[in-house]
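Where a number appears in this text, it was derived from the coordinates with a stated rule and is not lab data. For clarity, every value in this text was computed on a predicted model and none was experimentally measured. Counting neighbours? That spans all protein chains shown, and the Cβs are built from the backbone with ideal geometry, glycine included.
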Amino acid sequence: MSVGRLGARLLIGGLFIGHGTQKLFGWFGGPGRAGTEGMMEALEMRPAKVHATLAGVTETAGGALLAAGLATPLAASALTGVMTTAIRKVHLPNGPWAANGGWEYNAVLIGAVTALAETGPGELSLDSVLGIERRGPAVALGALATGVATSFLTMAVARRGRPGVTSGGAGTAALPEDTAGDPTTAGTQPS
């Protein structure tokens, strides 16, 4: 039995669901759609409404898939994309430490979901029950690479969405976290 993997999936997936619903619905003290759109605008992730929705949906759906152990490599990839974007748009200039608004927390989450992609979600998962579990080093590296590439693509699209900019540049896909003090997100102090 893989109780440790189940616990990790439920904890990490559940927290991502919470962050996604903060962005989408304002639950758990989150900013809701309007606040998330404002955050995306401030981060020059345009069109802000689209990026705010994508961020909330990616976190909510990715967290739900991870918690259920369904399409685990896809969930890991989606969540890696979100965290990579948060690092690049918000946390990188602050250095590694979360106490200074840095990227350590985001990196730990990327490491955790990559590890789950490598080991698989375990016997207590929908992937296992349905007989579709995929795991191993190649799966983990593929999920990691896809998440990072998606972040770059997302940021390139956001760059094109800026007024006066006609061609893309380095970018990311996904969303920095909410303004409720979550260290994985944009423009906030770590909690």
message = Sort 53-66, 70-83 by the packing proxy (mean of other Cβ within 10 Å over each peptide's residues), most packed first.
response = 70-83, 53-66
task = Report, in whole Å, the centroid distance computed from the Cα atoms of the stretch 90-105 and the stretch 109-153.
result = 25
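With a ≥ b ≥ c the root eigenvalues of the C-alpha gyration tensor of the stretch 3-160, is it rounded (a/c under 1.5), prolate (a/b larger than b/c) or oblate?
On the way: a/c = 1.78, a/b = 1.57, b/c = 1.14.
Cα axes put the stretch 3-160 in the prolate bin.
Give the peptides 112-124, 26-38 in descending order of average Cβ contacts within 10 Å, highest first. It would help to have the intermediate numbers written out before the result.
Working: 112-124: 21.3, 26-38: 17.2.
Top of the packing list down: 112-124, 26-38.
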inquiry  = Give me the net charge for the shell around Gly120: Cβ to Cβ below 12 angstrom, other residues only, Lys and Arg +1, Asp and Glu -1.
reply    = 0
message = Can you compute 3J(HN,Hα) from phi for each residue in the stretch 126-141, using the Karplus curve 6.51 cos²θ - 1.76 cosθ + 1.60 with θ = phi - 60°, rounded to whole Hz and x for Gly and Pro?
response = 5, 4, 5, 4, 7, x, 10, 5, 10, 7, x, x, 5, 5, 5, 5
task = Find out how many positive minus negative residues lie around Arg9, taking Lys and Arg as positive, Asp and Glu as negative, among other residues whose Cβ is under 14 Å from that of Arg9.
result = -2
